[in-house]
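Following: one structure in structure tokens, then a few remarks.
The values are calculated or read from the model by the stated rules, or taken from the named source; none is laboratory data. Just so it is clear, the structure is predicted and the values come from calculations on it, not from any experiment. As a convention, Cβ positions derive from the backbone with ideal geometry for all residues, glycine included, and neighbour counts pool all protein chains shown.
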Amino acid sequence: MAIDHGLTIMLFALLGLAFGSAANVVIARLPRWLDHRFRTIPQGHGAPSGPRSQCPVCLQPLTVSELVPILSYVRQRGRCRHCNATISWRYPLVELMGAAWFVMCLWHAPTTPLIALMWGLWGIVLLVMAWVDATTYWLPDVLTLPFLGAGLALSAFGATDISWRDSLIGAGLGWGVLAIVGWFYRWRTQRIGLGGGDMKLLAGFGAWLGWIPLPWLLLFASLTGAIFGVLTLARFRRKKGGEVPIPFGPFLALAALLVLLHRWGTFGSQ
Ligand SMILES: [Zn+2]
């Protein structure tokens, strides 16, 4: 898409910052809202569950000037203004990723800014799911099921350049493949290896991207996940040993992102 307007780019960058900021709130609070097990996670891993944004350490409510994406972090040099506690680097990182992704969508997504906006939000939801899974080993239904539903509905309306048939087959295949793998693993080892959230997430990717890229997506996610697993296990064994769960969601999300960028021709002509 040709961009003849610097203003549109600015607008998308600001939208990305704003949605990145919202993503931070969801990443920090959703696990606590949904499940009491996460309410006692020590500070640094999430804000308190109160209605207003607070410093997770001193619980001081934050003012508007402390909630400006990036700027507040830079001006306060990454520290709470009240208790001087370090603010997680996740906050500026997620905001910057949101802005970069939104501009990327405007640049590369085919057709209209509205479609670019849709993929922008798609990426934000992806980021939230990946981050929540990476930190809590949990992909909540409240994220994966609306993601799946939106993929099916928007494909039916022709917003995702795949047919509703491909979308439906993709959803079924994504769910089915991982359900079979999970069942097989449980049968062989008497343990649960794959979370139900992984199946719903892959079903969602099938709904958004169609069934055709699913084998590549799954292969890439499995390979990167396995490499990461081997590296983490090696490091962890040296420390204390024992089992280390590897979240699969972030690797699925990364693979889906690459599939989408490939489709847009980001890596060169197809
Ligand atoms: Zn504080």
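Selection of segment 43-90 for residues being at positive phi, modelled with pLDDT of 90 or more and within 26 Å of the chain's Cα centre (by Cα) yields ILE70, GLY78.
Starting from residues that are of a type in the set (Gly, Ala, Ser) and surrounded by 15 or more Cβ atoms within 10 Å (Cβ to Cβ), keep the ones in segment 240-270 and report whichever is modelled with the lowest pLDDT.
Looking at the filtered set, the residue picked out is GLY249.
When both residues are 6+ apart or on different chains and their Cβ atoms are under 9 Å apart, which pairs have a first residue that lies in segment 159-183 and is farther than 14 Å from LYS200 by Cα, and a second that is surrounded by fewer than 19 Cβ atoms within 10 Å (Cβ to Cβ) and of a type in the set (Ser, Thr, Tyr)? Short answer, once both residue conditions are applied: ASP161/THR111. Find all pairs meeting these conditions: Cβ atoms under 8 angstrom apart; at least six residues apart or on different chains; first residue within segment 185-211 and not assigned by TED's automatic domain parsing to the domain that holds PRO245 and polar (S, T, N, Q); second residue at pLDDT 90 or above and part of a helix (DSSP H, G or I). Taking only residues 6 or more apart or on different chains, not a single pair turns up.
Residues checked against (1) surrounded by 13 or more Cβ atoms within 10 Å (Cβ to Cβ); (2) part of a loop (DSSP other than H, G, I, E, B); (3) at pLDDT below 90; (4) not charged (D, E, K, R):
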{"residue": "ALA150", "(1), (2), (3), (4)": "yes, no, no, yes"}
{"residue": "ASP166", "(1), (2), (3), (4)": "yes, no, no, no"}
{"residue": "ILE169", "(1), (2), (3), (4)": "yes, no, no, yes"}
{"residue": "GLY172", "(1), (2), (3), (4)": "yes, no, no, yes"}
{"residue": "LEU178", "(1), (2), (3), (4)": "yes, no, yes, yes"}
{"residue": "LEU194", "(1), (2), (3), (4)": "yes, yes, yes, yes"}
{"residue": "LYS200", "(1), (2), (3), (4)": "yes, no, no, no"}
{"residue": "SER222", "(1), (2), (3), (4)": "yes, no, no, yes"}
{"residue": "ARG238", "(1), (2), (3), (4)": "no, no, yes, no"}
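I'm trying to understand the selection: among the residues of segment 64-108, which are assigned to a loop (DSSP other than H, G, I, E, B), more than 16 Å from the ligand (Cβ to nearest atom) and in contact (Cβ under 8 Å) with a residue 24 or more places away in the chain? Within segment 64-108, PRO69, ILE70 meet the criteria.
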